[in-house]
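First comes the structure, then the notes that go with it.
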Amino acid sequence: SHKDDWVLFKRAEDGILAQLGDYDVKAVTTAVMRSYLETVNGRRKKPLAVSTQKKHIISIRKALRYAQENGKIQNVPESPKLATLIDKPRPSFSKAEYTDFFMKTRKWANDGTISVEFPEILKFMHLTFVRPTEGELMGLKVRDITVHENVKAIHLKLEINKGKTGYRRAVSLSHAVK
């Protein structure tokens, strides 16, 4: 968004304007953008994530496109190639850890430590990929959930209207129907 772009532009120490504000717009090249990233990363304990570096480049290129539209430059330089880092998959539970987790929540429900519905809500979230937010889990209505069955499987289709990224459809694992 434009707001995010302005945050990157205005940062005092390593913002785009702090680093590139004295450059003539015609002098901003792919090499200059690469050098900007190297400078920003060099001042940090850990370099920016590749996705964050891409956001910086996108913001710079938006400004350059504006300059092009206004006749200040002929072409917008290419984005520098960013080394893709080793894939860092998100942490997840093993099947044994999930089983242990659900067994413990059922035990707590039976002991009265938590409500009897809570383990079922957790299992529903796990099987439907719904986030535990007001917009997703708490925003679901009965009309948003339909059962779909075909020769291969049965599953739920969920219409999530106010999710993290707006509207989305989710398809559950077949165990969610049982």
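A few remarks follow.
- Summary of the geometry: segment 94-123 and segment 135-150, compared by the centres of their Cα atoms, lie 22 Å apart.
- Rounded to the nearest 10 square angstrom, Glu117 shows an accessible area of 110 square angstrom against a 1.4 Å probe.
- Checking (1) 68, 36, 30; (2) 44, 40, 27; (3) 60, 49, 38 against Cα extents along the principal axes in Å calculated from these atoms, the matching label is (1).
- One equal scatterer on each Cα of segment 2-50, no solvent, Debye formula: the resulting log10 I(q)/I(0) at q = 0.14, 0.28 Å⁻¹ is -0.35, -1.20.
- Surface share of carbon and sulfur [accessible, 1.4 angstrom probe, percent] for the chain: 56 percent
- Rolling a 1.4 Å probe across the protein heavy atoms gives the chain an accessible surface of 74 Å² per residue.
- The chain: calculated mean residue ellipticity at 222 nm from DSSP helix runs of at least 4, using -39500 (n - 2.57): -13500 deg cm²/dmol
- Taking label positions 7 Å along the Cα-Cβ direction at both Arg44 and Arg65, the computed distance is 2.3 nm, reported to one decimal.
- Of the chymotrypsin sites (Phe, Trp or Tyr not before Pro) in segment 66-151, the ones in a loop by DSSP (not H, G, I, E or B) with at most 14 other beta carbons within 10 Å are Phe93.
The values are calculated or read from the model by the stated rules, or taken from the named source; none is laboratory data. None of the values given here were measured: they were computed from a predicted structure. All Cβ positions, even for glycine, are placed from backbone atoms using ideal geometry, and neighbour counts span all protein chains on display. Side chains are part of the model used for accessible areas, which takes the heavy atoms of the whole protein and leaves out ligands, DNA and RNA. Shrake-Rupley method; radii C 1.70, N 1.55, O 1.52, S 1.80 Å.
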